Amino acid sequence: MAALNELTLAEARDGLRRGDFTSVELTQACLAAVEAARGLNAFTTVTSGRALTMARESDARRRAGTIGKIEGLPIAVKDLFAVQGVPTTACSHILDGFKPTYESTVTANLWREGGVMIGKTNMDEFAMGSSNETSHYGPVVNPWRRPGDNRPLVPGGSSGGSASAVAARLVPGATGTDTGGSIRQPAAFTGIVGLKPTYGRCSRWGIVAFASSLDQAGPMARTVRDAAILLGAMAGFDGKDSTSVEAPVPDYEQALTGDVRGLTIGIPAEYRVEGMPAEIAALWEQGIAWLEQHGAQVTEIRLPHTKYALPAYYIVAPAEASSNLARYDGVRFGLRVAGENLDQLYENTRAQGFGREVRRRILIGTYVLSAGYYDAYYLKAQQVRTLIAEDFRKAFATVDAILTPTTPTAAFAQQERLSDPIAMYLNDVLTVPANMAGIPGLSVPAGVSKEGLPLGLQVLGKPFDEATVLRVGHTIEQAARASLAPTPWWRS
Amino acid sequence: MSLDKATVARIAKLARIAVPESELESLAGELSGILTWIEQLNEVNTSGVEPMTSAVAMTLRMREDRVTDGGDPEKVLANAPERTDTFFVVPKVVE
């Protein structure tokens, strides 16, 4: 049998049910794997003591016959979710020492369903980045390397720590958040599955806010089945989030029928972005062929405003961020840098507390919202957003799901793109439209690049139709049989 | 759109972020680059288009107007960098 930390969520769940091992044994295996992988820098905090306590409690519940959806399963939490009593940093210097006195709804749901918390994962500061290089706690390393090349690759971002931890078999599942691609892009770069649910599916309460109209929490795991299991435990209505949707959570695992006959899959020509490498285009063609072989109808669709999603995003997201991040003032929590008066205290705290990319986005956001510019920028961007959502609405009148690549390239090396913000932003060109329209999107590993690095395909679906997205993703996963595991060079 | 140093200084002041004089020039360049790239949105005809106000079609819920939480100053102050009794402490603001 595989080492316990290498089991998928479904395998571990079934093993626990059969009594092959206990949650304590499973948790110990994950903690040991985390310890041996310090070099990946995937975690900001490892909560070993809490994990073992939670695992013991889970084993006791199992003996008593009360079992939650993810009973006894080890989960890592992106360091953007407030966990009571555990440092919650958003990987920013400005949240130094902050320990929430409350629990985010998503993590509360996970623990209620029996999840065991392994620790908090590293990420781009305030989830702003696509390479995990903006973290105050240093970059995360991708467990994948180019053959014959030891240079560290980025895991993508912003949920890069969660992606690395899952890809390296340190934990079977982790939470992420996705504002413009922060679950799907790192999932693609590390060869795992990542799902951004429909806006409103998972509560945002207790998640450090970046751009409130775009942020959405979702699962990261190694199989589509695992993503379905984890989403089922994370999702649900929450009265504390005014945009949380009051709708029942289906059994997503039941959607994985392996049968896509009768489904119509749209292929948007506009996603063939300029300069897309031939291998990405070929992977996309392969994905189309797999779905056709399994009996789906494939049809060309038009999403004419696609190219404007990314520039519109870089108005909406910084604008909302500049507003959300106004709360970090050095007065109520986190870092305080002294000043002669209150204004200087604010200015010094925020200058030292925020990193370069966060400062850049706050300034852009402040500018586009400032007097005289609101209509030209923010209003215009929200109008473009209406057009993007309208494109999808029209497309979904004739198709059940949409298939695209997740990213325009495979993972790149650290430092390679840091100097050019726009080149970095272009990572998200294929993922951002789903956030702008609020629709669900899944990245599923579908193959490898000519350099041997994982590549992902993206499935987009109708609002609240995660079930169809997972079903289509599952079929691609089965056809690709891309059981992608990096060589464990990092083990110490 | 090209931002000059004075505009960057004004935005930084609005955002309450101290930016040293020596960094204004390079920051103006970076921000101008991003804003120029964003201006491709001007190609889109948006006349008569309603701006999006909600990412998914929903009506915001109403709830009874009553207190549901609070009354726990110790929790609120637990992370305060500086406090006295049940107050946050800041530099003097009123002369």
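The values are calculated or read from the model by the stated rules, or taken from the named source; none is laboratory data. Note that the structure is predicted; figures quoted are calculated from it, not measured. All Cβ positions, glycine included, derive from the backbone under ideal geometry; neighbour counts span all protein chains shown.
Side notes on the structure shown:
- Odd one out for A:E279 among (1) in a loop (DSSP other than H, G, I, E, B); (2) at pLDDT below 95: (1)
- Within the stretch B:83-95, the set of residues being more than 7 Å from chain A (Cβ to nearest Cβ) and assigned to a loop (DSSP other than H, G, I, E, B) comprises B:D85, B:T86, B:V89, B:K92, B:V94, B:E95.
- Note on the stretch B:3-17: among residues that are assigned to a helix (DSSP H, G or I) and of a type outside the set (A, V, I, L, M), the one that is farthest from the other protein chains (Cβ to nearest Cβ) is B:K5.
- Looking across the stretch A:331-374, the residues that are of a type in the set (G, A, S), outside any helix (DSSP H, G or I) and touching a residue at least 24 places away in the same chain (Cβ under 8 Å) come down to A:G334, A:G355.
- Of everything listed in (1) at pLDDT 95 or above; (2) of a type in the set (D, E, K, R); (3) over 22 Å from A:F392 (Cβ atoms), the single unmet condition for A:R302 is (3).
Conditions tested, residue by residue: (1) of a type in the set (D, E, K, R); (2) more than 26 Å from A:D178 (Cα to Cα); (3) surrounded by 14 or more Cβ atoms within 10 Å (Cβ to Cβ); (4) at the interface with another protein chain (Cβ under 8 Å from one of its Cβ atoms).
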residue	(1), (2), (3), (4)
B:V19	no, yes, yes, yes
B:L24	no, yes, yes, no
B:I34	no, no, yes, yes
B:L41	no, no, yes, yes
B:T46	no, yes, yes, yes
B:T53	no, no, no, yes
B:M62	no, yes, no, no
B:V67	no, yes, no, no
B:P81	no, yes, yes, yes
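- Failed criterion for A:L291 (all others in (1) in contact (Cβ under 8 Å) with a residue 12 or more places away in the chain; (2) part of a helix (DSSP H, G or I); (3) closer than 30 Å to A:T88 by Cα hold): (3)
- Candidate set: the stretch A:308-324, residues that are more than 10 Å from every other protein chain (Cβ to nearest Cβ) and over 15 Å from B:N42 (Cα atoms); chosen: the one surrounded by the fewest Cβ atoms within 10 Å (Cβ to Cβ): A:S323
- Every residue from the stretch A:325-335 that is surrounded by 23 or more Cβ atoms within 10 Å (Cβ to Cβ), more than 21 Å from the chain's Cα centre (by Cα) and not small (G, A, S): A:Y328, A:F333
- Selection of the stretch A:151-208 for residues being among the acidic types (D, E) and closer than 23 Å to A:Q84 by Cβ yields an empty set.
- Residue check for A:E300: under 30 Å from A:P268 (Cβ atoms) and touching an Asp or Glu at 6+ places or on another chain (Cβ under 9 Å): no
- When A:G173, A:G181 are screened for being more than 14 Å from chain B (Cβ to nearest Cβ) and either within 27 Å of A:A29 (Cβ to Cβ) or free of Cβ contacts under 8 Å to residues at least 40 places away in the same chain (or both), only A:G173 passes.
- Number of the exception - B:M52 against (1) under 19 Å from A:E320 (Cβ atoms); (2) part of a helix (DSSP H, G or I): (2)
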